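*Asks:* First the structure, which I've put down as structure tokens, then a few questions once you've had a look.
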Protein chains: 2
Amino acid sequence: MRISELSRSSGVPVPTIKYYLREGLLPSGERTGRNQAAYGGEHLRRLKLVRALVDVGGLSIAAVGDVIDVLEASDVVTHQVLGVVQRSMGSDDPPEADRAAQDEVRDFLARRGWETMADDPAARSLAGVVATARKLGHHRFAAQLDAYAEASVGIARQDLDYVLLHSEVDDVLESMVIATVLGDAALVALRKLAQRDASARLLGEE
Amino acid sequence: MRISELSRSSGVPVPTIKYYLREGLLPSGERTGRNQAAYGGEHLRRLKLVRALVDVGGLSIAAVGDVIDVLEASDVVTHQVLGVVQRSMGSDDPPEADRAAQDEVRDFLARRGWETMADDPAARSLAGVVATARKLGHHRFAAQLDAYAEASVGIARQDLDYVLLHSEVDDVLESMVIATVLGDAALVALRKLAQRDASARLLGEE
């Protein structure tokens, strides 16, 4: 199909598609003339993935590029894709954590058997959260982490089960991206709804 | 204390404090001279809360203003504070959902007994996620929502328990803000760590 049809099928404007082509987020079409190229189902699928990462995941174009690069690498393993997707969704600049908060998170991870992850950016973010709670005088907030971790383990198992439903390598990698990005957005929304329900019941106000 | 001491105690630069004062995020100090004012513990506490909302929650200054306004209103009830905090953290522009995705989310909420929330912005976000998954050919993604909702109910109960640990009205409202904003950041980090752990175990790659 031509670029105009690709635009109609995907709902993405032609100038945006051209921008994605220049940025390497979309592979070039097959040249069919001096100023024309033909695009196929592969392009449409990729275009939808890019839009999902931008619209739902809130990723920057540079971060989408990192995800696409790792999806296209021939020697990549699934676990690596997860790392790249996670980093591309992370905030670049977690609040700084003091030594006490870092130690607390390190102990917490060790208790869960996740001690190898103490240098993970997500562990740094967590230490930033604990440090912030402390500064606010909410020392007891750290005790919430165990319950949050319990819930997260169930969610992560569910995520991986979803990924492993897919047997083709390309599908496994893409579903990893989708489970991570869409899953985050779905969880944030569901937590809000569950909080409102719990609040209405417990506090008796609507 | 003077503004310079408030700056030292909080780690927030004086020009930033002055900006917050102008924007009404911080109440004025007690005038002690033509160009001087005295600030107390209340100001320090508020300043830390503002920084937490900005640094950890990623709220805009306008959104922080909305949260502060509802915290300061004399006739506010806890359930309302939750609504304002949730909206201030929400993305302004969830991806559009088609009719089928909206219906699916409506049915899902009804099954959970949350049907009154179908017009909630969080429900709209959820419909956007379902619509995006469908467009990507991931029709089975919607089946994940039940497990996510189960986990969210546990988390929300934990959040409310934390809030109800506090007995003073001011503390209840502040802890609602903190549980929501810090809790979201903690959960996002913990889900990443749990995913990496599950992936390393199940996929056997490190």
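Readers should treat all values here as calculations from the given coordinates under stated rules, not as data from a laboratory. Every value quoted in this text rests on a predicted model; they were computed, and no experiment measured them. Backbone-built Cβ (ideal geometry, glycine too); neighbour counts: all protein chains shown.
*Asks:* Taking a label point 7 Å from Cα toward Cβ, how far is A:ARG87 from its twins in the other copies, in nm, shortest first?
*Replies:* Label-point distances to the other copies, shortest first: 3.9 nm.
*Asks:* Quick query: amide H of B:ALA38 versus all other amide H atoms, modeled in the peptide plane; which residues come in under 5 Å with a sequence gap of 5 or more or a different chain?
*Replies:* B:GLU30, B:ARG31, B:THR32
*Asks:* Would you kindly derive the ³J(HN,Hα) couplings of the stretch B:162-170 from the backbone phi angles with the Karplus curve 6.51 cos²θ - 1.76 cosθ + 1.60 (θ = phi - 60°), listing them in order in whole Hz, with x for Gly and Pro?
*Replies:* Result, ordered by residue: 4, 4, 7, 5, 9, 9, 5, 4, 4 Hz.
*Asks:* Taking the inverse of the average 1/r across all pairs of different Cα atoms in the protein assembly as shown, what Kirkwood radius in Å do you get?
*Replies:* For the protein assembly as shown, inverting the mean 1/r across all distinct Cα pairs yields 22.9 Å.
*Asks:* Among B:VAL54, B:ILE3, B:LEU109, whose Cα projects farthest towards the positive end of the dipole of the protein assembly as shown, with charges put on the beta-carbon of Lys, Arg (+1) and Asp, Glu (-1)?
*Replies:* B:ILE3
*Asks:* Got a sec to turn the phi values of the stretch A:189-197 into Karplus ³J(HN,Hα) couplings, 6.51 cos²θ - 1.76 cosθ + 1.60 with θ = phi - 60°, whole Hz, x for Gly and Pro?
*Replies:* With coefficients 6.51, -1.76 and 1.60, one gets 5, 5, 4, 4, 5, 5, 5, 5, 5 Hz.
*Asks:* Give the relative contact order (percent, whole number) for the stretch A:89-203; include only Cα pairs under 8 Å separated by 6+ residues.
*Replies:* After rounding, I find 19 percent.
*Asks:* Let me ask something else. Taking the Cα centre of chain B as origin, work out the dipole magnitude from +1 charges on Lys and Arg Cβ and -1 charges on Asp and Glu Cβ, in debye rounded to 20.
*Replies:* Using only the charged Cβ atoms, the result is roughly 680 debye.
*Asks:* Convert each backbone phi in the stretch B:14-22 into a coupling constant with the Karplus relation 6.51 cos²θ - 1.76 cosθ + 1.60 (shift: θ = phi - 60°), then list the ³J(HN,Hα) values in order as whole Hz, x for Gly and Pro.
*Replies:* Values per residue, Gly and Pro as x: 3, x, 5, 4, 4, 5, 4, 4, 4 Hz.
*Asks:* In percent, how large is the relative contact order of chain B, given Cα pairs closer than 8 Å and 6 or more residues apart?
*Replies:* So the answer I get is 16 percent.
*Asks:* Shifting gears a bit: For a footprinting-style exposure proxy, rank A:VAL54, B:VAL85 by other Cβ within 10 Å, fewest first.
*Replies:* With the sparsest Cβ surroundings first, the list reads A:VAL54, B:VAL85.
*Asks:* One decimal, nm, shortest first: give the distances between the label point of A:GLU23 and those of the same position in the other copies, each label point 7 Å from Cα along Cα→Cβ.
*Replies:* The projected label point of A:GLU23 is separated from its counterparts by 2.7 nm.
*Asks:* I'd like the distance separating the alpha-carbon centroids of the stretch A:14-71 and the stretch A:166-205, in whole Å.
*Replies:* First find each Cα centre; the distance between them is then 26 Å.
*Asks:* Quick check on the exposure proxy: order A:LEU21, B:LEU59 from fewest to most C-beta atoms within 10 angstrom.
*Replies:* Final ranking by Cβ density, sparse to dense: A:LEU21, B:LEU59.
*Asks:* Give me B:GLU42, A:GLU23 ranked fewest to most by other Cβ atoms within 10 Å of their Cβ, as a rough exposure proxy.
*Replies:* Ascending Cβ contact count within 10 Å gives the list B:GLU42, A:GLU23.
*Asks:* Sticking with this structure for a sec: What percentages, rounded to whole numbers, describe P(r) for the stretch A:1-78 computed over all alpha carbon pairs with 10 Å bin width beginning at zero?
*Replies:* Reading the bins upward from 0: 18, 52, 26, 4.
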